[in-house]
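Step one of this worksheet: look at the structure below.
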Amino acid sequence: MKRLAIVAGVLVVALGAAGAYWLTQSRAQMGDSEIVQVAQQEIQAQVYRTPTCGCCGSWVEHATNHGFIFEDNIQEDITPIKEQFGITPDLASCHTTVAAGYVFEGHIPAADVKKFLADPPADVVGLTVPGMPIGSPGMEMGDRQEPYEVLALHKDGSTSVFQGYK
């Protein structure tokens with residue numbers, strides 16, 4: 001009888017450990033699954049751009065090819081939109097996009113926007129690619145490629161590197 005109780009105890013511990021391991025793995029896989037779902041779903045967004053900027057249209061085409069659906073706002077002056085979302089001149093580019101309440105400034109690869117939206121950091125309001133780096137989406141020029149960084153825009157006004165490209 002004592003031996004049966006020991007065996008039962010060992011089985012309970014083993015099953016508990018296996019269950020905990022399975023739960024941990026399922027949650028990790030669920031996170032990956034959610035990222036895949038966001039990567040495959042359509043993203044509703046508003047883009048603000050001026051009528052004279054050709055590269056903005058090229059970026060919209062890039063993002064549309066990756067599942068974005070845009071409300072296209074072509075305006076003579078988009079500075080007020082940038083100011084509304086805290087885009088300072090040193091972080092600015094030629095167009096501003098808003099999706100899911102976050103701001104995306106400039107020539108950000110669509111995959112980075114989707115990655116961000118799958119798991120947005122709590123203290124971040126969006127992403128930016130300052131300027132207009134050659135080789136970024138919408139700024140393609142043959143095989144030329146400038147290194148650039150996609151920066152995370154923190155609520156306190158600071159930035160950090162979200163993704164780098166060389």
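Values in this text are rule-based calculations from the coordinates and carry no lab data. Remember, predicted model here, so these are calculated numbers, not experimental data. Cβ coordinates were reconstructed from backbone atoms using ideal geometry, including for glycine residues, and neighbour counts include every protein chain displayed.
Over all other residues within a Cβ to Cβ distance under 15 Å of residue 51, the charged ones net out to -2, with Lys and Arg as +1 and Asp and Glu as -1.
Loop-resident GluC sites (Glu not before Pro) (DSSP state other than H, G, I, E or B) in the range 57-136 with no more than 11 further Cβ atoms inside 10 Å of their Cβ: 76.
For residue 105, what is the net charge nearby, where nearby means another residue's Cβ is under 14 Å from its Cβ and Lys, Arg count +1, Asp, Glu -1? The partial results should precede the final answer.
Numbers: positive: 49, 82; negative: 83, 90, 112, 149.
Around residue 105, the charge tally is -2.
Ranking 132, 141 by Cβ neighbours within 10 Å, fewest first, what do you get? Show your work: numbers first, answer last.
Details: 132 19, 141 9.
Result, fewest neighbours first: 141, 132.
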